[in-house]
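K.L.:
Before I ask anything, let me first share the structure, which is written out below as structure tokens.
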Amino acid sequence: MKSDFLTYQAQTTPHPLNFEVARAEGSYIYHKNGKKHLDFIAGVSACSLGHQHPRVKAAIHKQVDTYLHVMVYGEYAQEAPVQLCKLLASLLPDSLHSTYLVNSGTEAIDGAIKLARRVTGRTEIIAALDAYHGNSYGALSLMSLEERVAPFRPVIGDIAFIKFNCEKYLERITTKTAAVVLETIQGGAGFIEPQRGFLKKVKERCQEVGALLVLDEIQPGFGRTGKLFGFEHYDVIPDILVMGKGMGGGMPIGAFTASYEHMQLLSDNPKLGHITTFGGHPVIAAAALATLQEITETTLIEDTLKKEQLFRELLIHPLITEIRGKGLMLAALTPSVDITSQVILKCQEEGLILFWLLFEARAIRITPPLTISEDEIREGCAILLKVLDQISI
């Protein structure tokens, strides 16, 4: 399988990890050789409820036995996507009432950009330096790292950048600005939280000039930070909320949510202002609905902060210089890129799955399922500390 994987499946790096998956269950992924690996990554924050969660599986099976795809998005009323959007509305502030279901977080970012331009009649979109919102052309256009963008230019135009957590940049938000698009917590840059009321100040500036605030909750959302959505920590409400990753419990989905009045603008003048064939797919929506119900009907969200504290208590080592993030969206930083890579690769050999962050190469990503137990946290941290002890500087 490894040879076929490298030969026939397009790759994203010259040296993929080549982990041959046999099965996965709970907090573990099993290699074809029979060895089990504790999963501290959860499919890069996607598998909120771990692997093969009974409630998600049951919802999928029930929907598969009823019907699969029947019509392009927005034409037929289907139980699972309707109930998912209705439940989201009940859990969000009143101004976030109408949800457009798509296939991924990056597609949701593109939809949010289109909606912001349609609502305001303006074209300028402002993003943050070192942000990551995905790799479709709209999302890629919001990336400031020229080495990643240059090979694919021209991207969409009229994009400007501000520095996250730097108030002096707020004056760049003007009456020409359609929207400011920010990650609630910067992911690829190193799990950087907003400081000193930064998000609230951005929203206030947007209100002053008639721009919209778009918050990317693709990674922080769905309980990962100890709230259903990360923005709830920071006394701010976005005009457009973007979500994905953990929303589907391991199934591919994204969405953007705004007011009913704003979202209606995508349905007329022109009609079909945004359209997708498989967005809101009933099987995927059923999985997402079950995931959201499980997260909000249990203690998983409040337990996330307790589990964060356990990680912080356990992961004390001379080679861990800092732990960033919130809840179960954590990054342990080491003194160098080389140490971080050694740790991640050696931990996989020892039965613990860790991963890198996109731009902060010293960071060890720790984003396990919300369902991970305290015993499993202790097990994984013991492996990580053991590997750190073996690293020679």
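K.L.:
Magnitude of the Cβ-charge dipole of segment 56-297, K/R +1 and D/E -1, about the Cα centre, nearest 20 debye?
P.N.:
The calculation lands at about 300 debye.
K.L.:
Within segment 87-127, list the residues whose amide N lies under 18 Å from a label point set 7 Å along Cα→Cβ of Lys176.
P.N.:
117-118, 120-127
K.L.:
For segment 218-231, just list the computed ³J(HN,Hα) in residue order, Karplus coefficients 6.51, -1.76 and 1.60, θ = phi - 60°, integers in Hz, with x standing in for Gly and Pro.
P.N.:
Taking θ as phi minus 60°, the curve returns 4, 9, x, x, 6, x, 5, 9, x, 10, 4, 10, x, 4 Hz for segment 218-231.
K.L.:
I need to check one value: relative contact order of segment 111-218, counting alpha carbon pairs closer than 8 Å and at least 6 residues apart, in percent.
P.N.:
31
K.L.:
Using 7 Å Cα-to-Cβ label points, what is the Ala160/Met71 separation (nm, one decimal)?
P.N.:
Each label point is offset 7 Å from its Cα along the Cβ direction, giving 4.4 nm.
K.L.:
Give the lysines whose C-alpha is closer than 28 Å to that of Lys168, dropping any in the same chain fewer than 8 places away, or say none.
P.N.:
Leaving aside lysines fewer than 8 places away in the same chain, those within reach of Lys168 are Lys114, Lys176, Lys200, Lys201, Lys203, Lys326.
K.L.:
Where the centroid of each part is defined by its Cα atoms, how far is segment 203-273 from segment 31-86 in Å?
P.N.:
So the two Cα centres are separated by 21 Å.
K.L.:
For Asn135 and Val209, FRET efficiency with R0 = 41 Å and r from the beta-carbon atoms, rounded to 0.05?
P.N.:
The calculated FRET efficiency here is 0.90.
K.L.:
For segment 90-104, what does the Karplus curve 6.51 cos²θ - 1.76 cosθ + 1.60, with θ = phi - 60°, yield as ³J(HN,Hα) per residue in whole Hz, taken in order and with x for Gly and Pro?
P.N.:
5, 9, 9, x, 4, 6, 10, 10, 10, 10, 9, 8, 10, 9, 6
K.L.:
With 10 angstrom as the radius, rank Lys346, Lys306, Lys168 by how many other C-beta atoms surround their C-beta, starting from the fewest.
P.N.:
Lowest to highest Cβ neighbour count: Lys168, Lys306, Lys346.
K.L.:
Additional query: Taking θ = phi - 60°, what integer Hz values does the Karplus form 6.51 cos²θ - 1.76 cosθ + 1.60 yield along segment 383-393, in sequence order, with x for Gly and Pro?
P.N.:
Karplus values, whole Hz, x for Gly and Pro: 5, 4, 5, 4, 5, 4, 5, 8, 6, 9, 8.
K.L.:
Let a ≥ b ≥ c be the square roots of the eigenvalues of the Cα gyration tensor of segment 313-360; is it rounded (a/c under 1.5), or, if not, prolate (a/b larger than b/c) or oblate? Walk me through the intermediate numbers first.
P.N.:
On the way: a/c = 1.31, a/b = 1.25, b/c = 1.04.
Rounded, since a/c falls under 1.5.
K.L.:
Below 8 Å, C-alpha to C-alpha, sequence gap of six or more: please give me the relative contact order for segment 56-297 in percent.
P.N.:
Relative contact order of segment 56-297: 30 percent.
K.L.:
Suppose the chain between Glu261 and Thr7 were pulled fully straight at 0.36 nm per residue; how much longer would it get relative to their current alpha carbon spacing?
P.N.:
Numbers: separation 254, 0.36 × 254 = 91.44 nm, distance 4.90 nm.
Stretched fully, the Glu261-Thr7 segment lengthens by 86.5 nm.
K.L.:
5 Å is the cut-off here: which amide hydrogens, built 1.01 Å from N in the peptide plane, fall below it relative to Ala160, excluding neighbours closer than 5 in sequence?
P.N.:
Those lying under 5 Å, H to H, from Ala160 are Ile125, Ile126, Ala127.
K.L.:
Compute a Gaussian network model of the chain, connecting alpha carbons closer than 10 Å, and tell me which residue from Pro368, Pro335, Pro252 fluctuates the most.
P.N.:
Pro335
K.L.:
Which FRET efficiency value, to the nearest 0.05, is calculated for Thr321 and Ala58 with the Förster distance at 56 angstrom and r the Cβ-Cβ distance?
P.N.:
Numbers: r = 44 Å, r/R0 = 0.78.
With R0 = 56 Å, the Cβ-Cβ based efficiency is 0.80.
K.L.:
To continue, here is another question. Which cross-chain or sequence-distant (5 or more) residues have an amide H under 5 Å from the amide H of Leu212, H modelled 1.01 Å from N in plane?
P.N.:
Answer set, sorted by chain and number: Ala179, Val180.
K.L.:
To the nearest 0.05, what FRET efficiency results for His31 and Asp94 with a Förster distance of 45 Å applied to their C-beta separation?
P.N.:
Given R0 = 45 Å and the Cβ-Cβ separation, E is 0.40.
K.L.:
Same structure again: Would you mind giving the three semi-axes, in whole Å and largest first, of the ellipsoid equivalent to segment 1-43 according to its Cα gyration tensor?
P.N.:
Values for segment 1-43, descending: 21, 13, 8 Å.
The numbers here are math on the coordinates, done by the rules we state, and not lab data. Just so you know, these numbers come straight off a predicted model, no measurement behind them. When we count neighbours, we look across all protein chains shown, and the Cβ atoms used for this are built from the backbone with ideal geometry, even at glycine.
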